[in-house]
1. Let me spell it out: the conditions are (1) away from the ligand (no atom under 11 Å from the Cβ); (2) outside any strand (DSSP E or B), and A162 meets all of them except one. Which number is the exception?
2. Looking at region 168-184, can you tell me whether even one residue there is assigned by TED's automatic domain parsing to the domain that holds E260, under 25 Å from E237 (Cβ atoms) and among the hydrophobic types (A, V, I, L, M, F, W, C)?
3. So in region 118-148, with the set limited to residues that are in contact (Cβ under 8 Å) with a residue 60 or more places away in the chain and assigned to a helix (DSSP H, G or I), which one is farthest from the chain's Cα centre (by Cα)?
4. Within region 52-66, does at least one residue satisfy the condition of being part of a helix (DSSP H, G or I) and within 15 Å of the ligand (Cβ to nearest atom)?
5. Can you tell me how many residues in region 165-189 are small (G, A, S) and either within 16 Å of the ligand (Cβ to nearest atom) or part of a helix (DSSP H, G or I) (or both)?
6. Suppose we keep only residues that are assigned to a strand (DSSP E or B) and aliphatic (A, V, I, L, M) within region 268-312. Which one would you say is surrounded by the most Cβ atoms within 10 Å (Cβ to Cβ)?
7. Can you say whether L201 is away from the ligand (no atom under 11 Å from the Cβ) and either crowded, with 19+ Cβ neighbours inside 10 Å or in a helix (DSSP H, G or I) (or both), as far as the supplied structure shows?
8. If you scan region 70-117, which residues turn out to be closer than 24 Å to T295 by Cα and part of a loop (DSSP other than H, G, I, E, B)?
Amino acid sequence: MRTIDWVDGAVELVDQTRLPGECVMLRLHTVAELVDAIQRLAVRGAPALGVAGALGVVLAGGDPAEIAGLRAARPTAVNLAWGVDQAVAHLAEGHEAVLAAALRVRDDDIAACLAMGERGADLLEGDRLRIMTVCNTGGLAAVERGTALGVVQTLHERGRLAEVLALETRPLLQGARLTTWELARMGAPHRLIADSAGPYLLAKGEVDAVLIGADRIAANGDTANKIGSYALALGAERAGVPFIVVAPETTIDPATPSGEHIEIEDRGDEEIVTVHGVRVAPEGTRALNPAFDVTPHDLITAIVTDKRVIRP
Ligand code: MRU
């Protein structure tokens, strides 16, 4: 199954807001529909957003306002703007060339995820690995296989995975809803933990490596990823556990010198004061909702891409 694809003249994608209850495909014909799907996280995860951006340019048919709106639909993952730019570069050559460029973004992502899985599994030492991860970095965040969870999948296929401890990932529960769903489909042993349990379990010696994805890697290696990543990096450093970022080269943004220049999306009060639509905080409670945080490069043991291993 592909998370996102171009099928008979439209963008088809898995509606991730409906998982794990139901696996429903959305068929999108307009940029407005695609932007809506991106903003409500029906499609999410940096590599999948790159493909969405590229395919969205095909839907836009060259309309500059639509392309600008798509490019800015979410600010933190550089892949969205990058994917848009890949397709826009071929606008002058006509529809078929734009479509071909967008399909190349899709195909390159499939190849990149396979390569990251192999390289990440080669890098890790040990036969019965206990991995901690946050958010969802599996096939649902890309096209077919994921980044950090792609490494987990390769480890599992090689018989080297003991267990995954997946953080639930409040407020939108990508770990609880999506990562557990993918791990179950892989047949990979896993347990779900509360986000706040991560650093404690690292300190207790329950984890051999932390594997996370990335939404944007600055030129100096500072890495923006799902909120909660920084706490795991601090816990991992204190516990002497490798903290490894797995991301395609397309997530590296040489135009952003360091983490403080990365725009962090704030998704507003509602996701914090409610859980699945049920209000948990008193009426009138204000919230702060950064969707991502930045892990400074000196807390990162290695960045594994589809081309190399970087030690920031
Ligand atoms: O808000 P989301 O669900 O789009 O956040 C996704 C993440 O933070 C992922 O870790 C990141 O995009 C890498 S996905 C392979």
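The values are calculated or read from the model by the stated rules, or taken from the named source; none is laboratory data. Every value quoted in this text rests on a predicted model; they were computed, and no experiment measured them. Because the Cβ atoms are built from the backbone with ideal geometry, glycine has one as well, and the counts that use them run over all protein chains shown.
1. (2)
2. no
3. L123
4. Yes, because at least one residue in region 52-66 is part of a helix (DSSP H, G or I) and within 15 Å of the ligand (Cβ to nearest atom).
5. 4
6. Ranking the candidates gives V304 first.
7. yes
8. A72, A73, R74, P75, T76, A77
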